[in-house]
Each structure stands twice: as structure tokens, then as C-alpha cells.
1. Count, please, the residues in the range 1-35 that happen to be within 22 Å of Phe89 (Cβ to Cβ), of a type outside the set (A, V, I, L, M) and at pLDDT below 80.
2. For residues that are within 16 Å of Ile82 (Cβ to Cβ) and not hydroxyl-bearing (Ser, Thr, Tyr), tally how many sit in the range 21-57.
3. Report, ordered by the first and then the second residue, all pairs with beta carbons closer than 7 Å, sequence separation of six or more or different chains, a first member in the range 56-75 that is in contact (Cβ under 8 Å) with a residue 40 or more places away in the chain, and a second member that is of a type in the set (Gly, Ala, Ser).
4. Counting only residues that are within 14 Å of Asp55 (Cβ to Cβ) and in a loop (DSSP other than H, G, I, E, B), how many does the range 68-82 have?
5. Got a number for residues in the range 48-58 being surrounded by 13 or more Cβ atoms within 10 Å (Cβ to Cβ) and in a loop (DSSP other than H, G, I, E, B)?
Amino acid sequence: MSLVVGHRLILPSGNVLKKENMVDTEEYKEFRYRLGILEGAEEYSKGFPMESNGDLLNALSFTKGCYIGQETTARVYHTGVIRKRILPFR
């Protein structure tokens, strides 16, 4: 089974994905790390959303309403200067 990141599903109530379609947790974690994608509060504990590639993953909206850190995120976006990013390495 190939791994895909960045898709959301809206399923009918009670719909459960079959076990044979699931991927091992460690395999998925390694896949995310190879792409430089973080997940969860433990991995996002420091820094701004754009440093964690939130802008590249469509996790940020620059046209929607207010959210915590919006001013700083908008300023970084409009200046075009992102001083650090999460990147995979070998």
C-alpha cells in the first residue's frame, strides 16, 4: 500500500476503515520524517507554523479570520523571509 499525506476524508457516520488498509504506525512515522512533516503537539512544541511547513501543507490560511499567532505568521508570509524550516536530511 502506498502512503499518502495531505488528504482528508469525510465518511458517513459509522464507516470504519478496514484493518488491511491500515499502515503500521512506525512505517507512517518514518514516512513523515522523510518528508519533513510533523504531527501532534509534541512535535510542534516550538516555533511558528511556517517553520513547520504549515504554509506548504495548506495548514495555514492567509484569507480566513483570526487565530493565535496570526499577526506574526502574516508578517513572515508577507515579508517572504522564513529564517528556519523543518527539513528532512540523511
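The values are calculated or read from the model by the stated rules, or taken from the named source; none is laboratory data. The shown structure was predicted, so the numbers you read here are calculated from the model rather than taken from an experiment. Cβ sites come from the backbone with ideal geometry, for glycine too, and all protein chains shown count toward neighbours.
1. Of all residues in the range 1-35, those within 22 Å of Phe89 (Cβ to Cβ) come to 3, 5-6, 26-35.
Right, trim to of a type outside the set (A, V, I, L, M) and you get 6, 26-34.
Still in the running and at pLDDT below 80: 6.
Count: 1.
2. Result for the range 21-57: 13.
3. What qualifies is Leu57/Gly6.
4. Filtering the range 68-82 down to residues within 14 Å of Asp55 (Cβ to Cβ) leaves 69-70, 72-82.
Narrowing the set further to residues that are in a loop (DSSP other than H, G, I, E, B) leaves 69, 80-82.
Residues meeting the conditions: 4.
5. We begin by selecting, within the range 48-58, every residue surrounded by 13 or more Cβ atoms within 10 Å (Cβ to Cβ); these are 48-57.
Those left that are additionally in a loop (DSSP other than H, G, I, E, B): 48, 53-57.
Of the residues in that region, 6 qualify.
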